[in-house]
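Written below as structure tokens is the structure these notes are about.
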Amino acid sequence: MSESVLEASPLGFSELYEQYATDVLRVCYFYIGDRQKAEDVCQDVFVKLLTTKPDLKAGSEKAWLLKVALNRCRDLWRGAWFKRVILGSPVFELIPAPDQFGKIDEEEQIMAAVNQLPPDFKEIVLLHYYQGYGINEIAEMLSLPEGTVSSRLSRSRKRLESLLKGDDAQ
């Protein structure tokens, strides 16, 4: 890797890949629901990192990678393949510790409910709850007003509550 790539970031490509590839893959898989397509998107994200050589600031590398990943997932979601195929509920590949077996069913139900959310709501839930970003960070990442992010997060919670209770009204 040449010194000119990722100049502002103290991390090189290899370090960024090692540190964030799993997070990018997990978000893509949860968004898309297809392991192979998620791997393709993850690869595309890191190829884009190499080819565009963005001027990443230290500490914002993960946000940039996830933003690119979500944009690519949205492109795929809008594509003809997703319009022809009915997606099932993706489930993270979990290897539970012995004391966590009771939590797996609950986690799968929550993930299935999140997967039923509209894409705009799903991505905010993924970024907030699964990646730990705050409302202002998500707003910046998705180029949305903070009020919109906050509103979508609130509506997502209500829809999730309804889905988890088994109510048909959303």
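The values are calculated or read from the model by the stated rules, or taken from the named source; none is laboratory data. Remember, predicted model here, so these are calculated numbers, not experimental data. Ideal geometry is used to build each Cβ from the backbone, glycine not excepted, and the neighbour counts take in all protein chains shown.
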- prompt: When ASP55 is evaluated against the numbered criteria (1) acidic (Asp, Glu); (2) in a loop (DSSP other than H, G, I, E, B); (3) at pLDDT 90 or above, which criterion, by number, is the only one it fails?
  reply: (3)
statement: Given (1) within 18 Å of VAL24 (Cα to Cα); (2) surrounded by fewer than 17 Cβ atoms within 10 Å (Cβ to Cβ); (3) at pLDDT below 85, ASP120 misses just (3)
